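Notes for the one structure printed next.
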Amino acid sequence: MDYQELISEVYEEVNALGLSGKVADYIPELAKVPGDRFGMALVDLKGNVYGAGDYQEPFSIQSISKVFTLTMVFHVFRSKLWSRVNVEPSGNPFNSIAQLEYEQGIPRNPFLNAGALVITDALTSKFENPIQCIREYIDELAGQHCVRINEEVMQSELRHAERNTAMAYFLKAYKNFDNDIQEVVKTYVSHCSIEMCCEELAKSVSFLANDGYSIFANREVLSESHTRRINALMLTCGFYDESGEFAFRVGLPGKSGVGGGVIALMPGKFSIAVWSPELNEKGNSVKAIKALEILTNKLKFSLF
Ligand code: DON
């Protein structure tokens, strides 16, 4: 399979469709990103990079950062974590608070904002300077210094963090939150404000396509069995209330962010990152999802 040809063909085909959506504006700084950006990078398990379009332009990774914090927390908590966060798809939007009450403060899964806040709280209990650890961890996974926190995006989200802060208070009321709320929300917003490009992202998640071994960090990042669990969570919960649709159309484990990025994995073969800032009504990138659908159609295989 000539991956460069594949990526270039998919890129051209998606561009020709003239798809559009809406750039996220609930974080005002994100609304400034030009909607026409579009890039894709595929990294095979030998570390070869195949790219098209704006694949070397950094963007706000937002909820894709939750994959990294979840991976980090696996080392810290192992099975104990699952008494604080469930592993079920929610069928609700990423920022929904409703379910938290009737499920007694246990978020449905670690990718919802509520679940990711619990994960960041757990990292705060473990590490003196959690955001520094998160940055270093991602740099190591990508095999290069690439993580930058966009201060404007971070401050912009912090000024509008009422919902996430309310969620953290709610979790605390159910005794599922140990640390200072402002501190954890700031760390959470900071890891969401990390900027990376498609190439760096595809490299940094490549261990998830390789049974937990990172060829960029030169070490086993996760055990093979934990890797399968993270991939299962991405397949069932990675796109919130559009997770079923993504599994149906694309058939790969993946994770989206409101910056318009999507990462996806073909275990045993490659990792891929796609970025295009215009989102559908579920908060997922219109072009990125279409690109991955066309990609697995052309490959004639997915996870299934
Ligand atoms: O907490 C938030 O709302 C954002 N920092 C991240 C949300 C996000 O990326 C959801 N993904 N599609």
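Give me the pairs, please: first residue somewhere in region 107-130 and assigned to a loop (DSSP other than H, G, I, E, B), second residue anywhere and aromatic (Phe, Trp, Tyr), beta-carbon distance under 9 Å, and either six or more positions apart or on two chains. Filtered contacts from region 107-130: Phe111/Phe94; Phe111/Phe239; Phe111/Tyr240; Leu112/Phe94; Leu112/Tyr240.
Looking at region 88-103, which of its residues are assigned to a loop (DSSP other than H, G, I, E, B) and either at pLDDT below 95 or within 16 Å of the ligand (Cβ to nearest atom) (or both)? Pro89, Ser90, Gly91, Asn92, Pro93, Phe94, Asn95, Ser96, Ile97, Glu103, listed by residue number. Looking only at region 167-179, residues that are more than 12 Å from the ligand (Cβ to nearest atom) and either small (Gly, Ala, Ser) or touching a residue at least 24 places away in the same chain (Cβ under 8 Å) (or both) come to 9 in all.
Per-residue answers, yes or no, for (1) of a type in the set (A, V, I, L, M); (2) away from the ligand (no atom under 15 Å from the Cβ); (3) at pLDDT 95 or above:
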position	(1), (2), (3)
Arg228	no, yes, yes
Met234	yes, no, yes
Tyr240	no, no, no
Glu245	no, no, yes
Arg249	no, yes, yes
Val262	yes, no, yes
Leu265	yes, yes, yes
Gly268	no, yes, yes
Ile272	yes, yes, yes
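Scan region 1-48 for residues that are in contact with a helix residue (DSSP H, G or I) (Cβ under 9 Å, 6 or more places away or on another chain), assigned to a loop (DSSP other than H, G, I, E, B) and away from the ligand (no atom under 16 Å from the Cβ) and jot them down. Those that are in contact with a helix residue (DSSP H, G or I) (Cβ under 9 Å, 6 or more places away or on another chain), assigned to a loop (DSSP other than H, G, I, E, B) and away from the ligand (no atom under 16 Å from the Cβ): Met1, Leu19, Ser20, Phe38, Leu45, Gly47, Asn48. Taken together, the residues in region 280-291 that are surrounded by fewer than 24 Cβ atoms within 10 Å (Cβ to Cβ) and of a type in the set (A, V, I, L, M) amount to 1.
Quickly run through region 70-87 and pick out the residues that are in a loop (DSSP other than H, G, I, E, B) and of a type in the set (Lys, Arg). Result: Arg84, single match. In the set (1) at positive phi; (2) touching a Cys at 6+ places or on another chain (Cβ under 9 Å), Ala116 fails one condition alone, (1).
Filtering Glu183, Glu278, Glu200 for residues that are within 15 Å of the ligand (Cβ to nearest atom), in contact with a helix residue (DSSP H, G or I) (Cβ under 9 Å, 6 or more places away or on another chain) and touching a residue at least 12 places away in the same chain (Cβ under 8 Å) leaves a single hit, Glu278.
The lone criterion from (1) within 13 Å of the ligand (Cβ to nearest atom); (2) in a helix (DSSP H, G or I); (3) touching a residue at least 60 places away in the same chain (Cβ under 8 Å); (4) surrounded by 17 or more Cβ atoms within 10 Å (Cβ to Cβ) left unmet by Tyr137 is number (1). Among strands (runs of 3 or more DSSP E) entirely within region 187-278, having at least 1 residues that are in contact with a Leu (Cβ under 7 Å, 6 or more places away or on another chain) and surrounded by fewer than 21 Cβ atoms within 10 Å (Cβ to Cβ) singles out no element at all. Among the residues of region 140-167, those identified as of a type in the set (S, T, N, Q) and either surrounded by fewer than 20 Cβ atoms within 10 Å (Cβ to Cβ) or over 25 Å from Leu81 (Cβ atoms) (or both) are Gln144, Asn150, Gln155, Ser156, Thr165.
The values are calculated or read from the model by the stated rules, or taken from the named source; none is laboratory data. A quick note: this is a predicted structure, and the numbers were derived from the prediction, not measured. A quick note on method: Cβ atoms are made from the backbone with ideal geometry, for glycine too, and the neighbour counts reach across all protein chains shown.
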